[in-house]
Amino acid sequence: MATFYGPWVATDDFRAVLDVSVSNTSATQCTVSVTLKVQSIFGVVNTTGHASATVNGSTYSTDGFGWSTNQTKTVLTHSWTVARGSSAKSIKVSGRVWATGVSAYATGSTASGSVTIPSIDYDTPNAPSGCSASRTSDTQAKVAWTNGGTSTTRPRSSTKVERQTDGGSWVQVASVGASVKSYTDNGISANHRYRYRVRAYGSGGYSGYATSGYIYTTPAAPKSVGVAVATGTTCTVDVDGSNAPYATEWEVQSQLNGGEWQAVGTYTTFPQTVDLGGGTVAVRARAKRGSLASAWKASATITTICPPLAPTVALEPSGVVPTFAEVTVSWVPSHPDGSAQTQAQVEYAVGTGSPTTVDVGGPATSYELPDAALSGPATISVRVRTHGADEDWGAWSEPVTLNVAEPPLVAITSPATDSATVTDLPLVVAWVADDQTGVASQELALLDADGVTLHTARLDGSARSYTLDASTYLLANLSEYTLRLTVTGGSTLQTTAERDFATEWTPPAEPVVAHEVGEEDLSVELTVSAGEGSDGVPPTVSLTVQRVNADGSTWTVGDALAGGETVIDRLPPLNEVTDYVVTAHSEAGATSETRVSVAVLSTGWAYNFGVDASRCVLLSDDQKWSASPRRSYELYDFADGGENGGLPVAYEAEVLSCSGSQSFSLLDEPDKARELWEIARGMSVVGWVRSPFGTRQRAAIEIDLSGDLTPGLVSVSVSTTEVAFEEARVG
């Protein structure tokens with residue numbers, strides 16, 4: 001209760017007296033009650049008295065009363081509800097008493113002061129719930145929770161996050177906002193166990209905790225890994241994982257003789273006894289908890305002693321060998337314990353006979369089978385075993401086998417002897433061949449004096465002769481040859497027989513040839529006849545005409561010609577000397593030749609059209625020409641700053657294209673202009689182009705004709721694009 005007094009009116013007539021009390025109505029509100037009194041010496045006996053009270057700006061009034069002398073009279077009582085705040089606050093209170101009947105009393109007396117409104121009665125915040133933690137990595141964890149509800153009396157201003165490491169003290173690691181529901185902790189590390197708890201903080205203090213389960217980070221690699229020989233190849237493996245208290249198991253692998261690491265097992269206790277094999281051995285282990293695995297920790301290497309494994313065995317030669325061949329057995333020891341071979345045993349069996357065992361001392365790894373084992377057709381089976389540092393022999397290898405067989409018997413009977421002279425054609429080559437397993441295949445080869453193969457014939461097993469004539473291979477006169485016959489038996493063994501021979505026969509008379517160059521089409525016409533022979537010279541039965549090209553190849557202009565026949569070469573090169581070879585053939589296949597050289601001269605260009613190139617147009621006046629050979633390529637830009645300096649690099653292809661153009665002026669040559677017109681309109685655009693420089697092209701040809709007011713003058717433009725070249729054939 002607080003009492004406030006106003007000043008005396010008219011020195012001592014009356015004054016206001018204000019009693020104020022504050023009481024808590026609820027956690028968030030207070031009731032302010034006032035009692036306003038008038039204390040008088042001189043009274044106001046009529047009803048002109050007034051009173052008003054104001055609390056925190058809110059006013060309550062009353063009037064129509066009076067008071068007597070020497071009296072303390074209550075003139076107003078009232079209560080106000082005032083909200084409590086987050087902290088205590090001071091509010092103003094006042095009470096005024098006045099009267100209107102006397103002018104001196106109009107102002108009246110006011111009692112005023114201040115009273116304190118206490119702060120809200122806060123409760124602790126609601127605690128969070130559902131706290132969980134998860135490992136993101138060995139340096140980061142995620143904490144999440146659900147916030148509790150809030151109210152005026154249970155406000156939440158923040159959430160405190162605490163962490164416990166390895167069961168130790170709780171340490172606050174973060175304070176986050178009131179609405180935050182998760183936190184990322186970047187302060188963890190490997191080989192630990194963590195859990196988290198959270199609590200809310202507000203004006204009422206701290207809430208209770210919500211606590212997560214445990215999370216684990218990757219365990220540490222074992223402190224040490226040891227391996228020791230127990231007996232033979234059995235070893236004791238020991239792993240000290242005391243530095244990884246949260247590991248639940250340890251994975252163990254082994255390495256034998258420097259090979260790949262192999263799984264041994266996963267264990268929860270040590271030592272463990274395992275068979276690791278013979279040789280140089282090491283083990284390694286790593287700690288695991290669920291999917292988390294530490295780095296590997298390896299032991300030092302040790303050596304175990306064990307019997308050898310079966311060696312790898314080979315025979316040289318292998319497969320099928322002839323009788324009394326030299327056959328070597330070789331092997332590669334397999335000693336897992338790394339020890340050297342001290343001795344070996346080779347066991348071989350011929351056919352169904354009893355096996356023979358041979359001791360091979362020391363480190364030797366080969367043995368030659370004796371002649372007696374290869375003296376006749378049979379199957380030989382061989383196996384090997386080795387001995388090392390262990391007291392026991394190693395395992396026998398798997399048997400390897402080879403077959404011994406007689407090679408085929410072969411002899412060439414025609415020509416009958418080496419260095420025989422063949423004086424007539426055709427040559428019939430004959431031979432005998434036999435094999436116990438049957439003749440599977442045969443190959444007859446003809447070689448020249450330098451050993452170059454000229455002709456090959458692959459024959460079935462029944463063939464015993466082969467004819468060399470014009471349909472197979474035509475032998476040359478006065479030449480030396482070798483026949484090589486290779487016979488393959490059913491056993492796959494082969495025998496080769498050879499026969500050297502020479503040729504010397506009387507050829508037909510040399511043919512006679514007459515030639516003429518066509519002025520209108522720049523062709524070469526050749527007329528051939530058989531030569532006149534003396535007694536004993538075989539007659540000519542046919543003639544062949546061939547052109548010899550600049551690159552040495554030949555083109556057959558005419559074949560199987562009778563005496564007196566004429567053939568035409570439509571496409572001889574211009575302004576070059578060209579050789580033609582005329583060959584006379586006897587009935588037996590003997591030949592003789594006549595060679596003639598022809599030069600077709602021209603100052604202009606020849607364009608041939610038609611399937612047989614028989615239509616020719618010659619152009620020479622006022623000529624101009626160009627040619628553009630191009631080889632295709634791919635261009636690449638390399639910005640590498642390397643050996644190419646980042647410059648473009650071109651990679652050429654194998655395709656060469658060539659285009660060209662020629663132009664001419666025809667004056668008073670209407671027939672030639674008309675012929676060009678017809679060709680341009682009606683014939684194929686593909687023809688042959690012969691230049692005055694000796695070149696020849698198969699080309700797509702485009703012809704353009706034009707003229708002006710000059711009488712009889714026609715301009716001709718020819719464009720050519722080279723296509724695949726093919727000789728014209730005479731129809």
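Below is a table of values for the structure above.
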read-out: Strands (runs of 3 or more DSSP E) within the stretch 176-286 that include 1 or more residues of a type in the set (Val, Ile, Thr) and closer than 30 Å to residue 119 by Cβ; value: 193-202
read-out: Residue satisfying condition, being in contact with a His (Cβ under 8 Å, 6 or more places away or on another chain), among the polar types (S, T, N, Q) and in a strand (DSSP E or B), within set 495, 544, 486, 556; value: 544
read-out: Residue 533 free of Cβ contacts under 8 Å to residues at least 12 places away in the same chain and small (Gly, Ala, Ser); value: no
read-out: Counted residues, the stretch 287-311 - those being over 23 Å from residue 249 (Cα atoms), in a strand (DSSP E or B) and not aliphatic (A, V, I, L, M); value: 3
read-out: Residues of the stretch 269-281 satisfying the condition of being in contact with a strand residue (DSSP E or B) (Cβ under 8 Å, 6 or more places away or on another chain) and at pLDDT 95 or above; value: 270, 271, 272, 273, 274
read-out: Residue among 433, 457 that alone is in a strand (DSSP E or B), touching a residue at least 12 places away in the same chain (Cβ under 8 Å), over 30 Å from residue 345 (Cα atoms) and within 52 Å of the chain's Cα centre (by Cα); value: 457
read-out: Strands (runs of 3 or more DSSP E) fully within the stretch 618-706 counting 2 or more residues that are surrounded by fewer than 12 Cβ atoms within 10 Å (Cβ to Cβ), at pLDDT 50 or above and among the polar types (S, T, N, Q); value: 624-637
read-out: Scan of the stretch 92-106 for residues that are touching a residue at least 12 places away in the same chain (Cβ under 8 Å) and more than 10 Å from residue 50 (Cα to Cα), ordered by number; value: 92, 93, 94, 95, 101, 102, 104, 105
read-out: Subset of the stretch 579-616 that is exposed (fewer than 15 other Cβ atoms within 10 Å of the Cβ) and over 30 Å from residue 428 (Cβ atoms) - its residue that is nearest to the chain's Cα centre (by Cα); value: 611
read-out: Residue in the stretch 26-48 that is in the same structural domain as residue 113 (by TED's automatic domain parsing), in contact (Cβ under 8 Å) with a residue 12 or more places away in the chain, under 16 Å from residue 113 (Cα atoms) and loosely packed, with under 15 Cβ neighbours inside 10 Å present; value: no
read-out: Count - residues of the stretch 66-101 that are part of a loop (DSSP other than H, G, I, E, B) and surrounded by fewer than 18 Cβ atoms within 10 Å (Cβ to Cβ); value: 9
read-out: Residue selected from the stretch 540-578 under the condition in contact with a Pro (Cβ under 6 Å, 6 or more places away or on another chain) and crowded, with 21+ Cβ neighbours inside 10 Å, by the criterion farthest from residue 472 (Cα to Cα); value: 574
read-out: Qualifying residue in the stretch 111-123 (condition: part of a strand (DSSP E or B), in contact with a Leu (Cβ under 6 Å, 6 or more places away or on another chain) and hydrophobic (A, V, I, L, M, F, W, C)); value: yes
read-out: Among the candidates 63, 19, 12, residue that is among the charged types (D, E, K, R) and not in a strand (DSSP E or B); value: 12
read-out: Residue in the stretch 187-208 that is out of contact with any Gly (no Cβ under 9 Å at 6 or more places or on another chain), closer than 30 Å to residue 148 by Cα and of a type in the set (Val, Ile, Thr) present; value: yes
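The values are calculated or read from the model by the stated rules, or taken from the named source; none is laboratory data. Treat the numbers as computed from the prediction; the structure is a model and nothing was measured. Reconstructed Cβ throughout: ideal geometry from the backbone, glycine too, with neighbour counts over all protein chains shown.
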